[in-house]
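Student: Quick one: the structure is below, questions incoming.
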Amino acid sequence: MISVKNLTRNFSSGEAEVKALKGVSFDVGKGELMALIGGSGAGKSVILKHLDGLMDPLDGYVEIDGRRISGAPEKIKKQIRSNIGFMFQQGALFDSLSVGENVAFPLREAGIRDENELDTRISAALDSVGLLGQQEKMPASLSGGMIKRVAVARAIITTPECLLYDEPTAGLDPIVTDSISFLIRQICKDKGITTVI
């Protein structure tokens, strides 16, 4: 499902060039779960941004389900991204939108306007993360664990074939960390979604 070959990426830091990725290669099969582990600043988030085509490598490439996303025109990247769900590090919820509106955001961006379909899919996504009935709450009233769960619901609502999680348990206590980790494993197993954490 995911093929990463010799990924290289540099960043400028003042006058110096910093090598963020140095020839990274790996494959993730359909329905597999893979965790990238490393210290702060090791390049984990940079790799995820390459998998989603948010960044293009200096050298090497990424293929998603046999299609090269690296260096592709934005139109092609958008097509490939339609099969990818992305959960950002801090959840990245919109403060001015309710839980339901946050979860529905990718569907509305895809052009879905039927309110019945939106309600059905929002309820299903929130139910799968244990937050059914929380649609009207605002992000400011949510705990850290609930914010992460809403972000997971938003990532899965488009029924992607691939899910990317950027440090989904960062800043959470051990009990909530365990529940989020269990949730991610269950989604991968139950839905057969290729997952990179």
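The values are calculated or read from the model by the stated rules, or taken from the named source; none is laboratory data. All values derive from a computational prediction rather than experimental measurement. Cβ: placed from backbone, ideal geometry, glycine included. Neighbour counts: every protein chain shown. When the accessible area is computed, the model is the full protein with side chains, heavy atoms only, and any ligands, DNA or RNA have been set aside. Shrake-Rupley method; radii C 1.70, N 1.55, O 1.52, S 1.80 Å.
Student: Against the definition (open to solvent by 70 Å² or more (accessible area, probe 1.4 Å) and either among the aromatic types (Phe, Trp, Tyr) or free of Cβ contacts under 8 Å to residues at least 40 places away in the same chain (or both)), how does Ile180 come out, yes or no? Spell out the reasoning first.
Tutor: Details: open to solvent by 70 Å² or more (accessible area, probe 1.4 Å): no; either among the aromatic types (Phe, Trp, Tyr) or free of Cβ contacts under 8 Å to residues at least 40 places away in the same chain (or both): yes.
It is false that Ile180 is open to solvent by 70 Å² or more (accessible area, probe 1.4 Å) and either among the aromatic types (Phe, Trp, Tyr) or free of Cβ contacts under 8 Å to residues at least 40 places away in the same chain (or both).
Student: Can you tell me how many residues within region 155-177 are within 13 Å of Gln90 (Cβ to Cβ) and either open to solvent by 10 Å² or more (accessible area, probe 1.4 Å) or among the acidic types (Asp, Glu) (or both)?
Tutor: Result for region 155-177: 6.
Student: Going through Ala155, Ala151, Ala104 one at a time, which residue ends up being part of a helix (DSSP H, G or I) and over 17 Å from Ile180 (Cβ atoms)?
Tutor: On the way: Ala155 fails: over 17 Å from Ile180 (Cβ atoms); Ala151 fails: over 17 Å from Ile180 (Cβ atoms).
That would be Ala104, the only listed residue that is part of a helix (DSSP H, G or I) and over 17 Å from Ile180 (Cβ atoms).
Student: Which fully enclosed strands (runs of 3 or more DSSP E) of region 1-79 have 3 or more residues being open to solvent by 60 Å² or more (accessible area, probe 1.4 Å)? Spell out the reasoning first.
Tutor: Working: elements: 2-13, 16-28, 59-64.
Result: 2-13, 16-28.
Student: For region 158-192, give me each residue that is out of contact with any strand residue (DSSP E or B) (no Cβ under 8 Å at 6 or more places or on another chain), under 23 Å from Gly43 (Cβ atoms) and in a loop (DSSP other than H, G, I, E, B).
Tutor: Of everything in region 158-192, those that are out of contact with any strand residue (DSSP E or B) (no Cβ under 8 Å at 6 or more places or on another chain), under 23 Å from Gly43 (Cβ atoms) and in a loop (DSSP other than H, G, I, E, B) turn out to be Glu167, Thr169, Ala170, Gly171, Leu172.
Student: I've got another one for you. In region 107-122, which residue that is open to solvent by less than 40 Å² (accessible area, probe 1.4 Å) and in a helix (DSSP H, G or I) is nearest to Ile184 (Cα to Cα)?
Tutor: Initial filter on region 107-122 (open to solvent by less than 40 Å² (accessible area, probe 1.4 Å)): 107, 112, 118, 122.
When the remaining residues are screened for being in a helix (DSSP H, G or I), the result is 107, 118, 122.
Details: Leu107: 21, Leu118: 23, Ile122: 18 Å.
My answer is Ile122.
Student: So, Phe94, is that one outside any helix (DSSP H, G or I), open to solvent by less than 40 Å² (accessible area, probe 1.4 Å) and at pLDDT below 95 or not?
Tutor: Details: outside any helix (DSSP H, G or I): yes; open to solvent by less than 40 Å² (accessible area, probe 1.4 Å): no; at pLDDT below 95: yes.
Criteria not met by Phe94.
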